Every structure is written in structure tokens, then in C-alpha cells.
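Asks: My structure is below; once you've seen it, I'll send some questions.
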Number of protein chains: 4
Amino acid sequence: MKNKLSGVFVPTITPFINEEVGYKELEQNLKRLNNTNIMGHLALGSNGEYKSLTRNEQLKILELFVKNKGKKVIMAGTGCESTRETIQLSKEAEKIGVDFVSVLTPSYFKKIINDKVLINYYTEIADNINIPLLIYNAPGFTGGVTISARAIRKLASHPNIVGMKDSSKSGIQSYIVNTMDIDDFYVLAGSINFFFPGLICGAVGGVLSLANVIPNICCELYNLYINGEINKAKKLHLKLFILNSKVSGVNAVSGVKAAADICGYFGGNARKPLLALGKDEKKELEDYFRKEGLI
Amino acid sequence: MKNKLSGVFVPTITPFINEEVGYKELEQNLKRLNNTNIMGHLALGSNGEYKSLTRNEQLKILELFVKNKGKKVIMAGTGCESTRETIQLSKEAEKIGVDFVSVLTPSYFKKIINDKVLINYYTEIADNINIPLLIYNAPGFTGGVTISARAIRKLASHPNIVGMKDSSKSGIQSYIVNTMDIDDFYVLAGSINFFFPGLICGAVGGVLSLANVIPNICCELYNLYINGEINKAKKLHLKLFILNSKVSGVNAVSGVKAAADICGYFGGNARKPLLALGKDEKKELEDYFRKEGLI
Amino acid sequence: MKNKLSGVFVPTITPFINEEVGYKELEQNLKRLNNTNIMGHLALGSNGEYKSLTRNEQLKILELFVKNKGKKVIMAGTGCESTRETIQLSKEAEKIGVDFVSVLTPSYFKKIINDKVLINYYTEIADNINIPLLIYNAPGFTGGVTISARAIRKLASHPNIVGMKDSSKSGIQSYIVNTMDIDDFYVLAGSINFFFPGLICGAVGGVLSLANVIPNICCELYNLYINGEINKAKKLHLKLFILNSKVSGVNAVSGVKAAADICGYFGGNARKPLLALGKDEKKELEDYFRKEGLI
Amino acid sequence: MKNKLSGVFVPTITPFINEEVGYKELEQNLKRLNNTNIMGHLALGSNGEYKSLTRNEQLKILELFVKNKGKKVIMAGTGCESTRETIQLSKEAEKIGVDFVSVLTPSYFKKIINDKVLINYYTEIADNINIPLLIYNAPGFTGGVTISARAIRKLASHPNIVGMKDSSKSGIQSYIVNTMDIDDFYVLAGSINFFFPGLICGAVGGVLSLANVIPNICCELYNLYINGEINKAKKLHLKLFILNSKVSGVNAVSGVKAAADICGYFGGNARKPLLALGKDEKKELEDYFRKEGLI
């Protein structure tokens, strides 16, 4: 399992043409990304705007990923608010043929979503599906709902829960140290900001929005780490840290999409009500990519 | 319009039987609530667990409300993450025959959801539907996303935006003072905690989870205020404030459902992963209702 | 005791001349304020910038208040980080002759300041001084440290703890309902924003930064409430609510000081590093006061 | 300058005997710590409970550190709420003979403390003293007040501002990347939690509460990093990360003091109102130290 979770994953963006899903454009992006060194794709992730898609769109998109899988690993974001709906969507994803489901914590009733609720939630889902499950912790998207390291430790022993992706700003080390004695549980960094520091501390890979834009450079960082070239890795990490602050840092998925356009992928606009970058903002971003020799 | 928005609204709970929507039980609750002095229902509100329902379930539930409307006003919660999906669901609600849509702020991409985004969002929705729209501000459910009083002031002038329901802990006065010179825009309190203080400051009504449980007592508070019996209103308000801290205060919708059971409505369990109250907790709550002479 | 705590208190500002305490200017302000209908002063409050004063300055200022007390009640802010230092300063204040001490929750070690710590803290202080103590809850100044209603209820029974001033945005009702059956414990609102709503729910008075600026109008609001003129009170409340948003709302004590200058008191600059309002900001504020007929 | 700021610093605790400063016990701790490989001490830091000390106590403590300096570097925490008082205390520290002052951001008027205020603040202090200044950013102690990387970049060019200590959970990388092209500005980690990841990214040292307890082991981690033994460093880092969660993680300075007692230093109780650990808690902590072979 470790092999399939190591390295760089792309939380692949969903293109829209006049608010309609651009399936053709998505396919083109996938084909191009598949020619890079990435380990795989996260379909229906936060950067895939999965919460802004209808169920039908979600399923068609998953089919597209599986059809264009090539040699890549496909994870699918399937977290809904109810256990029941998450199981249903996860089963559909399983049937379509993805490799993993990545399940975000529910968050609407934040006040009463605690570790007990989350342990029940993930256990019931993992019990009811036949593909391995990754827990997705992302307090920035869930209004602060987060899962404790203690709960993760408990869930990590479930045979069908194989890892987690952490996108909190400060939690990843805590998840790593609390699961490092558990077999076959792996932690992935949810941002380039703590990808290299995470690897240094024991993470095996990362799901990196920047990999929508400069996939091979992200992979290069991973390889430098793997080859023990810590100083080179550090330099590249700091460079990408700054770059990331200008891409998803300020503008979240809208920034990622603008950067994708800049780098020759199809980015386009996020679905409304999200705003696209203004002309000047986009120009400034493009200039930065050029200055850094990235285009 | 003011008449239709004044007084007490019930954010009516959705019963579940073994995780399936209990349509029959919902119908029984509606019939009983319709015999009280409430002004109307909010179908598919937070307490209706609308984020845990499939689209199909949502539509069937709306039909049930409209069929059992009697002389009550029906609001429908139709806020989704994308403008497009919110419009679609709002149009369905319109076709089914509800009186108002109540649209929660989107929240997933919290970092980039600002006043400009929200003004575009509500304007485009209001432009595209033919029934009046209420803005629903509830930072407790949106991870802190909130709409500013300045944005509300701007939106209040839209002919199809007729009011807002505020469930923030501290914002309602700000919305009231910033819209009090605007014709035909009304503010409703989203909690009994600030229903009476809100009325005193200019709110016209409230959407009160407690009205699922003790609808006529909530209406009595409203009537005391309307009749200028400020001291009696104050006493009842303080009593209900304490009661509410024991019902939705600790356990959110699970507390409301337990209290509904206690008061002879069909409450049951919230959909998983939410937990039902434990036996002891429920017993304690029941004892409190008894001690206060409410059952 | 209730008489001495009812009505309007001024959290009186500390004038500075070139960063030195302006004792003469303070005395002039006090004399003028003493000719209004206020019930008393809070010396060394947040708006008195007591955390920016040396111990010596604090003591000299207290002496000045007591000397210029007239018929007014004097409260003194004496909360420090350690129990020991708070007791020492409170005893000094007692010796100087103030009527009450108002003790802010400690906050530096926020992570470990809980109800148990706060109950010990206030109990030990109240046990060791001979003047009555008010608890001061102000999460906006303590980085979120707040005292629970349950702890307040427990402390309210201490014979030497006679009330609290609450400046949280949403807590005051909770404190009121949890102490309303306790003899001789009174709740004061820490902001004009919830002064009138607080009175309606059972508060007895308020410590209002606006009373540094328009003391008699604040007192008029109190009198309207006392005389049952709820509608007039409501109108004045809403007017002052808006005014306050432009005074302390945006600029905290710097806004209060600018407004004091505008209304003929000595305001001047807050101590550095706080910034004074810019010329344009001050002009705009002055225009607003003029437009509203307040100067 | 870099030499004097590299490696491990102890934010040395202040012992209390029945609430009085235990100068003799402090001296004993210092002598023992001076026999370890630490680079120096931070006197009057957060773990020194400097906000709970009177000015007199602070000065006597600084004198004690300088007298017992040996070959160690002495930093002194001198941040107060007003610019004026911070300068005064910093000058006293300079006269006593410390090597650096470490100045916490002011925080009381959080709402109006922004980058402009902080840039003015640090510039004026640095202009008025003759010893080098470190900026201390610690939102956990300042209720969320934090200084931006942009402001740090600007301040880093001041000839008398030589570095910063960051104790935020997630900011250190941002400060590093934004100052890495500036000569003679150094970043120190304010917690063992991000000491090793910080070093990997460019920090030069750390001020580590654990160094009150196991100074040489903290130094060993530093040396492993310096010698490029990344894997060994990682293992030790993860071990100390867990240890730290049990020491300052749960109980802040009270945990550090209990652990100091366990390891043969004089710890004792924090000043009230802070609570000491209970007997069971302390026993459990001692057992953990024993199990890990640390005592």
C-alpha cells in the first residue's frame, strides 16, 4: 500500500466552460498530467470543487478519471454530511474503479461533531466499502472541524483505513508521531507548505494543488528528499513555499486555476459564486512565473 | 410582505426511521404544528438537516410541506455551494409552491468568500427566481462565514430580497440598524436567545428551534411583546433562554429532536453521524421540562 | 448596593501630553463629567489604558479620581496577571478610597486559564480585600479568555463579589439568567451595543465608552428605559449603536479620544504604540457628530 | 551575531517559594544549566512568568542572570504594552548587561494593533536602545496578535533588529523565506515542535521550554542536525515532540515546572492563579520520563 501512496498527487481541478463542466478540457489536462512523474490524481477534491458539483457531474467526472487513469493511482473525494450518503457515493466510486476514497470530515453541525462522532463515522464507512479509505482533515474547509491525533490513532488500526491527508496548518507532525508504530497507515501532506517538512518527519507523500501547475517540479522536490539531498530540497521547498503563497495562498482554487492557465493547462474560472482573478492579478502572477523561470 | 414574515416560524425537523426519512411522521408533526399559532414553517432548514438529505428527499419533503400548508407560510432552505445549484433548487422550490426561499451563505471556500462574492451570489439568485428571497446568515454552521451589515444594506434594496434570518450570536442589531430606512426588508432572529431582544430592537419575527417543541409558548412571547407587556415578556424570555441552553444549546438538532419526543412530537434520531442523546441525558431533559411545567 | 451600581458609568479616558499623563487635563474632564447625570467613573479601565500605565501613574490617577469624586461612585480597574499583584493593587485602591474594584480576568497563560483557575482567583482576591469586587469579563481584550456563566453563578454568592461587567459580544444574557435568583449580584453592560438590550433583560447599568463623549445622552437612554418609554429608548439605542460603531467600533480607545476632543473634553492621543486617527478620519467623525446634532 | 543566536536557548523558569521569587533556587538552576551545552538563557520569558512579576522582581532577576552568566548568552524579555515602558525596561536590561532584548508584541488593544502599529513600535524601540533586539511573536500568549511576514521583512533591515523568535504554530517558514535574503537577521523557533523542521528550513536556533528540563538532549538534536545526521535527528525530534505534548502541551508553564522537578531542577509551582499539576498528573509524567529513560 505504501508504494501507491508515496510521492506527489494532484488534487486535479475541474474545468468549467460557461459554468458547465468541461469534460473535454479535463481529459486534456489528465493526459498531460499523466505524462509527468506524479503518482496519481485526487478526483473530486477541494480543488476539484466537488462541493459545487451535482451528483451526476461527480460520477461522470470519476468515470473520466478512471478511463484516463493510465498508470496513475486515482483517489476520489467522497465525503458528504451524512454517513449514509458518504457510503453511497463511496460505493459508486468503488464501482467506477477508483483506487482509494478520501473522506473529508463532516462539518455542518460543528458544535456536536467530536471525536466520538468522527470515529463512528469513519468506522462505519470503512466497514461498508471494499476499497481503502483515506481520512481527509482540512479545518480550513470545515470551519475548524478537525480530528484529534488520538482519534486518528484509533482509526489507523482499522484494516480498511490506510492513511490520511492532512491540510491543517499545524497538525501533521502530531498525526505522524501518533501513528508511526501502526503498520500500514500513511500520512500525506495536503499542501506544499508542509510537504518537505512533513517528509522529513515521516509523511510519505503529498496532495499538492501546485501539482496542477508544475507537476514535475513538485516531483523533483520529492526525489531530492528521497535521495537525501537535503540542502537542495530545502532550497526548492522555500522557492515553492513562496510560489504557493501567490497561487493558492491568496486566491485558493481561483489562484490555482489562473496558474494552470499560465502553465498551459486548462484552468478557466471556478464555478460561481467564486470570482476569477482580475486581469492585473493574473498578469502579475504570470510575470512571477516568468521571472522564476517556470514558464 | 411584513405580515407574512412576522411572528414565530418553526425550522421544522425532519424525522428519520432507521435513517430513512419518515414522511408520515413529518406529516403528523406538521398537522399538529398547524394547529398552533405559529406563522409558518422553514422546511429544509439547519434543524431540518437539509445538508444531510439527497436532492430527491429534499424535493419530496418540500412537496409534503406545501400539501400540508394549511394557512401557514412556507419558507424553504435552498442554499448550496454553487450559484447555479442554488438557483436550480430554488426554482424547484418555487414550482412546488413555497412562499419564500431562505438561502444560506456558501462557505466551503471560506478564505475567498467575501462581501463582493456574497453580493454577486444573492443578486444573481434573486434575479433568476420569482419568489422572494431571505438571506440566511449563520456563522455557526458556515465555519465563520458571515455577511457584513454593509453588504446586507446593499442587497436589501433588491426588489426580490425581502429579508434575512440572522443566527449569529451578536450581529442582529447591526443588520437592523443598517436596513431600518429601507422599505420592505425585514430581519428575523434565528434563535430564541435573541428573539425578544431582537424584537425590542426592530426584528419582526423569529425562526426558533424551540418552536418545534413548545410552539405556542414561543408565540406567547411574541404576543406579549406585541401587546407591550415588556415585563412579562422579559420573564418568559429569560425562562426560554435557559430552556434553550438545555435543548439546542448543548446538543444542537439532537437536543431539539429529544425535546420534540418529550413534548409529544415525533423527534427520533438525527441522521448519522450525529449522535442521539444518551438515556440519562434525555431523562434529565424530560425532568427539566416537567419541573418547568412544560409537559 | 444596587443603587450604587445602577445607571451609567464612564470608563474614563487617561489624557496624555507628549506621552506623559495629563493629570490637569484629567481633572478638567472629571469636573465636567461630574456635572452630568452619570452614576460614576471607572478609573483605570480599558479605555483608561491602564495596561499602558506604570504602577506609580496608576496610583496617582486613582488619587486624582478620589479627590475629584464629588457625589460620584468610583470603580478602579485593578486586574493584573498574578493573584498576588491584583490583591496588592486592589488594597492600594481601597486605601486610596475607591468604592469598587473591577478585576479583569488574567489571560497570559490562556491555555490553562479555566473556570477552576478563575474561581480560585476571584475568591482569593475577594477574601483579601475590604471593598466590594466586580468581575470584569472582556474576551476582546484577553484574547478570548472568558468566564463561564456557571463560574459566575458560583462566585456571585461570595459576600464580597457584588457584580460583573460584561464586555463580551454575546454573553450578558447568560450571566443575567444564571444569577437572577442570587441576592445582591448585579450585571453591568460593558458597551452601549448591549446596554439597552441588557437593561431589558435585567442588567442594572452600563460602563460605556461613549459616556466619555456624550454622557448625558447615555443617561437619557437609561432614564427612558427606567420610565418605561420603550419605543423612545429603542430609537435612541439604535442611534447610539450606529454612533458607537464609528467611535470605538473602528478605532477603539483612539476613536473614543478623538470623539472626546470633538465634544469638548480633552482626548488627545492614546499612548504609543497606539495610533491616533488621521486628520481625514477625525474630520469625518466630527462631521458625523455635527450631522447628528451632537455638537 | 549569528554565532550568538545559534543553538539551544532556555526560556528559564522563575522558581517561587510560597509565592515569593526563589532567587537562591534560580541561581542553583542557572549554575546547573550553565554546565550543559546550551547557548544561553532567555530571562523574563513567557516560561519565566514575566507578566506575573513586579518591575522590582524583574530587575533583580536580570541581575542574577548576568551575575551567573558564565559563558552563556543572556536574552531578556522586555515587552510591555506601551512603547515608552518597553524602552524603559529595555534600557534597564541593557544597563544590567544582558546581550539581547526579546520584545513581545503588545496585545491589549488587539483590534487596532496592526502591522503599521507594530512597525512603529519595534522601530522606535530599536532606535532608542543600544543592544540588539529580537522580535517575539507568540499569538498563543497575545490572544492572536501576530506580526506579518511582510512587516518582519521590513523590520529585518533595521541595523539593531537582529532576529525574531516565533512561537506561532504555523508561521516560522513564512518568516524564514521572507528574510532569507537579508543580512544578519536570524529566526529562532519558539518550540521544540518546530525546532528541527525549522532548522531544516533555515532557522538558526530555538528557545525551547524543554531545555529547562533536558537541556543536553535538546542540544543533541541540534548537533545531529548540524552534522547532517538527518535520520537520527528525525527520530529524536519525534521523541521530543511527543514528550513536549505531555510537558508544556497540556499544562504550559505548570507542566514545565513539574518536569523540572522530575529532572532534578527546582521547578515548584507557578505563581497563582496558575494551578500546579495534581499528584496523579505529576506521577504520570514522572513515569513517562522514567519509561523513556530520561531520568
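The values are calculated or read from the model by the stated rules, or taken from the named source; none is laboratory data. Everything numeric here is computed off the predicted structure, so don't read it as measured data. Heads up, the Cβs are rebuilt from the backbone with ideal geometry, glycines too, and the neighbour counts pull from every protein chain shown. Remember, those area values only see protein heavy atoms, side chains included, never the ligands or the DNA or RNA. Shrake-Rupley method; radii C 1.70, N 1.55, O 1.52, S 1.80 Å.
Asks: Taking region C:106-132 as the search range and keeping residues that are free of Cβ contacts under 8 Å to residues at least 60 places away in the same chain and within 21 Å of residue C:67 (Cα to Cα), which one is farthest from the chain's Cα centre (by Cα)?
Replies: C:130
Asks: Under 6 Å between Cβ atoms, which residue pairs at least 6 apart in sequence (or on different chains) link something in region D:223-235 that is modelled with pLDDT of 95 or more with a partner that is in a helix (DSSP H, G or I) and of a type in the set (D, E, K, R)?
Replies: Close Cβ pairs satisfying both conditions: D:224/D:232.
Asks: Out of all the residues in region C:39-52, which are open to solvent by 10 Å² or more (accessible area, probe 1.4 Å) and outside any helix (DSSP H, G or I)?
Replies: Matches in region C:39-52: C:39 only.
Asks: Next question. Quick one: in region C:272-294, which of the residues that are outside any helix (DSSP H, G or I) and closer than 19 Å to residue C:29 by Cβ is most open to solvent (accessible area, probe 1.4 Å)?
Replies: Residues of region C:272-294 that are outside any helix (DSSP H, G or I), as a first pass: C:272-278, C:292-294.
Now narrow it down to the ones that are closer than 19 Å to residue C:29 by Cβ: C:274, C:276-277, C:294.
Working: C:274: 19, C:276: 52, C:277: 28, C:294: 33 Å².
In this case the residue turns out to be C:276.
Asks: Would you tally the residues in region A:84-93 being farther than 22 Å from residue B:44 by Cβ and under 18 Å from the mean Cα position of the chain (by Cα)?
Replies: Matching residues across region A:84-93 total 2.
Asks: Also, quick follow-up: In region C:130-161, what residues are open to solvent by 10 Å² or more (accessible area, probe 1.4 Å) and over 13 Å from residue C:118 (Cα atoms)?
Replies: C:130, C:131, C:132, C:139, C:140, C:141, C:143, C:144, C:157, C:158, C:159, C:160
Asks: From the residues in region A:67-105 that are touching a residue at least 40 places away in the same chain (Cβ under 8 Å) and part of a loop (DSSP other than H, G, I, E, B), which one is nearest to residue A:13 (Cα to Cα)?
Replies: It comes out as A:68.
Asks: Any idea which of (1) within 14 Å of chain C (Cβ to nearest Cβ); (2) in contact with a Phe, Trp or Tyr (Cβ under 8 Å, 6 or more places away or on another chain); (3) open to solvent by less than 10 Å² (accessible area, probe 1.4 Å) is the one residue D:269 doesn't satisfy?
Replies: (3)
Asks: A follow-up question, please. So which residues in region B:80-103 are open to solvent by 10 Å² or more (accessible area, probe 1.4 Å) and within 11 Å of chain A (Cβ to nearest Cβ), if there are any at all?
Replies: Scanning region B:80-103 gives B:80, B:81, B:84, B:85, B:87, B:88.
Asks: Since residue C:207 meets every condition but one in (1) open to solvent by 20 Å² or more (accessible area, probe 1.4 Å); (2) touching a residue at least 60 places away in the same chain (Cβ under 8 Å); (3) within 30 Å of residue D:84 (Cα to Cα); (4) of a type outside the set (Ser, Thr, Tyr), which condition does it not meet?
Replies: With (1) open to solvent by 20 Å² or more (accessible area, probe 1.4 Å); (2) touching a residue at least 60 places away in the same chain (Cβ under 8 Å); (3) within 30 Å of residue D:84 (Cα to Cα); (4) of a type outside the set (Ser, Thr, Tyr) applied to residue C:207, the lone miss is (1).
Asks: Please specify each residue of region C:110-128 satisfying the condition of being open to solvent by 10 Å² or more (accessible area, probe 1.4 Å) and either in a loop (DSSP other than H, G, I, E, B) or of a type in the set (A, V, I, L, M) (or both). I'd like the intermediate steps shown before the answer.
Replies: Of the residues in region C:110-128, the ones open to solvent by 10 Å² or more (accessible area, probe 1.4 Å) are C:110-116, C:119-120, C:123-124, C:127-128.
Selection gives C:112, C:113, C:114, C:119.
Asks: As an exercise: evaluate residue B:36 against (1) open to solvent by 10 Å² or more (accessible area, probe 1.4 Å); (2) under 19 Å from residue B:209 (Cα atoms); (3) within 13 Å of chain A (Cβ to nearest Cβ) and give the number of the one condition it does not meet.
Replies: (3)
Asks: Here is a further query. Considering only residues that are among the β-branched types (Val, Ile, Thr) and within 14 Å of chain D (Cβ to nearest Cβ), look in region C:1-17 and name the one that is farthest from residue C:167 (Cα to Cα). Working first, answer last.
Replies: Residues of region C:1-17 among the β-branched types (Val, Ile, Thr): C:8, C:10, C:12-14, C:17.
Checking which are within 14 Å of chain D (Cβ to nearest Cβ) leaves us with C:13-14, C:17.
Details: C:13: 17, C:14: 20, C:17: 29 Å.
Looking at residues that are among the β-branched types (Val, Ile, Thr) and within 14 Å of chain D (Cβ to nearest Cβ), I get C:17.
Asks: Being within 13 Å of another protein chain (Cβ to nearest Cβ), in contact with a Ser or Thr (Cβ under 6 Å, 6 or more places away or on another chain) and over 30 Å from residue D:245 (Cβ atoms) is the filter here; which residues of region C:104-135 pass it?
Replies: C:124, C:125
Asks: Regarding residue A:77, is this residue crowded, with 23+ Cβ neighbours inside 10 Å, within 14 Å of another protein chain (Cβ to nearest Cβ), under 29 Å from residue B:107 (Cβ atoms) and touching a Pro at 6+ places or on another chain (Cβ under 8 Å)?
Replies: Values: crowded, with 23+ Cβ neighbours inside 10 Å: yes; within 14 Å of another protein chain (Cβ to nearest Cβ): yes; under 29 Å from residue B:107 (Cβ atoms): yes; touching a Pro at 6+ places or on another chain (Cβ under 8 Å): no.
Answer is no for this residue.
Asks: Which of the residues spanning region A:22-59 are among the small types (Gly, Ala, Ser) and more than 25 Å from residue A:273 (Cα to Cα)?
Replies: Here is the first cut: in region A:22-59, the residues among the small types (Gly, Ala, Ser) are A:22, A:40, A:43, A:45-46, A:48, A:52.
Listed by number, the list holds a single entry, A:40.
Asks: Cβ-Cβ distance below 7 Å, separation of 6 or more or different chains: which pairs start in region A:1-24 with a residue that is at negative phi and end on one that is of a type in the set (Ser, Thr, Tyr)?
Replies: A:2/A:186; A:5/A:186; A:8/A:222; A:11/A:46; A:11/A:209; A:21/A:14
Asks: Then there's this: Name every residue in region B:18-32 that is within 14 Å of another protein chain (Cβ to nearest Cβ) and either of a type in the set (A, V, I, L, M, F, W, C) or touching a Leu at 6+ places or on another chain (Cβ under 6 Å) (or both), in order of residue number.
Replies: Once the filter is applied, which keeps residues that are within 14 Å of another protein chain (Cβ to nearest Cβ) and either of a type in the set (A, V, I, L, M, F, W, C) or touching a Leu at 6+ places or on another chain (Cβ under 6 Å) (or both), region B:18-32 yields only B:21.
Asks: Now, a different point. Out of B:245, B:174, B:170, I need the residue that is in contact (Cβ under 8 Å) with a residue 24 or more places away in the chain, of a type in the set (Gly, Ala, Ser) and open to solvent by 30 Å² or more (accessible area, probe 1.4 Å). Which one?
Replies: B:174 is the lone residue from the list that is in contact (Cβ under 8 Å) with a residue 24 or more places away in the chain, of a type in the set (Gly, Ala, Ser) and open to solvent by 30 Å² or more (accessible area, probe 1.4 Å).
Asks: Okay, moving on. Quick check on region C:16-27. Is at least one of its residues within 27 Å of residue C:184 (Cα to Cα), in a helix (DSSP H, G or I) and open to solvent by 30 Å² or more (accessible area, probe 1.4 Å)?
Replies: First, pick out the residues of region C:16-27 that are within 27 Å of residue C:184 (Cα to Cα): none.
No, region C:16-27 contains no residue that is within 27 Å of residue C:184 (Cα to Cα), in a helix (DSSP H, G or I) and open to solvent by 30 Å² or more (accessible area, probe 1.4 Å).
Asks: I've got another one for you. Checking residue B:53 against (1) over 20 Å from residue B:28 (Cβ atoms); (2) facing another protein chain (nearest Cβ under 10 Å), which test does it fail?
Replies: Residue B:53 satisfies every listed condition except (1).
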